[in-house]
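Q: Dropping a structure here in structure tokens format, bear with me for questions.
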Amino acid sequence: MDASTVTGARNWEAVRTRHPELVDRLEVGLLQGDPLADAVVVEAREQGMSFATLVDLLEAHADPEAAHDPDRIDMPASMRRLLRATSTPPTWFDAAFAASGARAWWRFGTLQSSTLYQSLIYGYKAQGFVRPLVATGRLGLGTRDRVQSTARWVAEATTPGAMLPGNPGWIATLRIRLLHAYIRDILCHPRGVDGEEAPGWDEAEWGVPINQTYSLMTISCGFLALPLLVARDFGIHYSSAEREAITHLWRWIGWVIGVDDDLLPASHAEAADLFRVAAEFQLEPDDSSKVLIKALLREGYVLPGVVQGAAPIPVPTVLVSALDAVTGPILRSSFSAISTRWVERPVARRMGLRRSPLHHLVDVARPAIRLREIIRTTGLLGSESAVIERELRTVRRGLGMEVHPGR
């Protein structure tokens, strides 16, 4: 396997020279999947069990007591092993510390939710990230649904207390873990999908689909380090203790989703180092990346409060379409310009992102965000718990999710 071919990073060996231990671990991870989850999907396939059935079995454990007692439901032995493993946290996990990270995250929950678009772009710039979408024929399709489902997962997983075994965030994260295993199984064992034959997957040329390295980068860089960088650019200040707590939360999320324990950063400094090293790779986004970016700019936006099931009053479809027609071009050009702040300029150009004076909208917003934080510290916005609950309600309603008061 040639890591530079798998990843599209032309200077893989040069980066290895500077960071040999880390890059060696990343290279090994390109050929590693998720044995626990992969075994579940293989056994289900052999028994003629659908993915929907696996999800139903998983959701039957949607309470803490059931999560710790997988024997009470008839299921494949491999799935029982997965549930037992993920309901027994590693020794480093501290539930109170993770909950503290979730509260810090949700103090600015609406802004953190908006960084999802940047997290997706972070993945789209690497060929290895987008190759599974190309292979499954989903390139550029279902973008709005993909954005919404990812946003709902992030909202669920980061809600304080939701990632404890049996709780909604834990269930949602395991559902994604099984979905990744299901996609790996489809790609590595070509068979009909919706009546169409799936292409074969060349592991020697492309590595394992949705492998350990890309899962690590998605969690620790795309969903942790990058949002904290964006937040700082917007003027949000997190204390060192808050950064460590947020890192602990995402380390736990990454562990539940199947990233190897020895790969996950144990501190914010380690996550920041990983992000910096990853930025040294000279990536070559291909045409597939451009297709995904265009689809994200064209379809990825959802007007607040008009997601299905989220609007407080019925909103006519024609009105939603009209609003989209008016606001869409403005949002696309603004988002494209703002995104160039956090993407290397040569990579941004190759992905079709165009820098313009609109990228200064972040500078315009920064004083307002800092003022909001000053007002919050005076107590005028209510207690910290009230602020967090208000942010949770706003985001969850905007995503069409059930609101859980007081959680």
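Q: So I have (1) 72, 46, 41; (2) 81, 54, 37; (3) 57, 49, 49, and one of them is Cα extents along the principal axes in Å calculated from this model. Which one is it?
A: (3)
Q: Determine the dipole magnitude for the range 152-283: charges of +1 sit on the beta-carbon of Lys and Arg, -1 on that of Asp and Glu, nothing else is charged, the reference point is the Cα centre, and the result goes in debye to the nearest 20.
A: 500
Q: While we're looking at this one, here's another question. Considering only protein heavy atoms and a probe of 1.4 Å, how much of the accessible area of the chain is carbon and sulfur, as a whole percent?
A: C and S atoms contribute 57 percent here.
Q: Just order 1-11, 41-51 by mean Cβ neighbour count inside 10 Å, highest at the front, would you?
A: 1-11, 41-51
Q: Follow-up question, since we're still on this one. Taking the Cα centre of the range 343-407 as the origin, how large is its charge dipole in debye, to the nearest 20, when only Lys and Arg (+1) and Asp and Glu (-1) carry charge on their Cβ atoms?
A: That gives the range 343-407 a dipole magnitude of about 380 debye.
Q: Please report the relative contact order for the range 222-275, taking Cα pairs under 8 Å with a sequence separation of at least 6, and give it as a percent rounded to a whole number.
A: 43
Q: If packing is taken as the average number of other Cβ atoms within 10 Å across a peptide's residues, how do 352-359, 181-188, 270-277 rank, most packed first?
A: 181-188, 270-277, 352-359
Q: Ok, one more. Going toward the positive end of the dipole of the range 215-305, with +1 on Lys and Arg Cβ and -1 on Asp and Glu Cβ, which of Ala266, His237, Leu297 do you reach last?
A: Leu297
Q: Here's a follow-up. From Cα pairs below 8 angstrom and at least 6 apart in sequence, can you work out the relative contact order of the chain, rounded to a whole percent? Walk me through the numbers on the way to the answer.
A: Values: 537 pairs, mean separation 99.4, N = 407.
That works out to 24 percent.
Q: Still on this structure: Spin-label point model (7 Å from Cα, Cβ direction): what's the Thr150 to Asp94 distance in nm?
A: The two pseudo-label positions are separated by 3.1 nm.
Q: Kindly rank 26-39, 77-90 from highest to lowest mean number of other beta carbons found within 10 Å of each residue.
A: Ranking, from highest mean packing down: 26-39, 77-90.
Q: What is the list of residues in the range 14-45 whose amide nitrogen lies under 12 Å from a point 7 angstrom out from the Cα of Asp262, following Cα to Cβ?
A: 25-26, 28-29
Q: When the dipole is taken about the Cα centre of the chain, and only Lys, Arg (+1) and Asp, Glu (-1) are charged at their Cβ, what size is it in debye, to the nearest 20? Mind dumping the intermediate values first?
A: Details: 44 positive and 47 negative charges, 390 e Å.
Magnitude of the dipole: close to 1880 debye.
Q: Using a 1.4 Å probe, what is the accessible area per residue for the chain, in Å²?
A: Per residue, the chain has 45 Å² of solvent-accessible surface.
The values are calculated or read from the model by the stated rules, or taken from the named source; none is laboratory data. Note that the structure is a prediction, hence the values are computed from the model and not measured. Here Cβ is always computed from backbone atoms with ideal geometry, including for glycine, and neighbour counts include all displayed protein chains. Accessible surface is based on the protein model in full, side chains and every heavy atom, while ligands, DNA and RNA are left aside. Shrake-Rupley method; radii C 1.70, N 1.55, O 1.52, S 1.80 Å.
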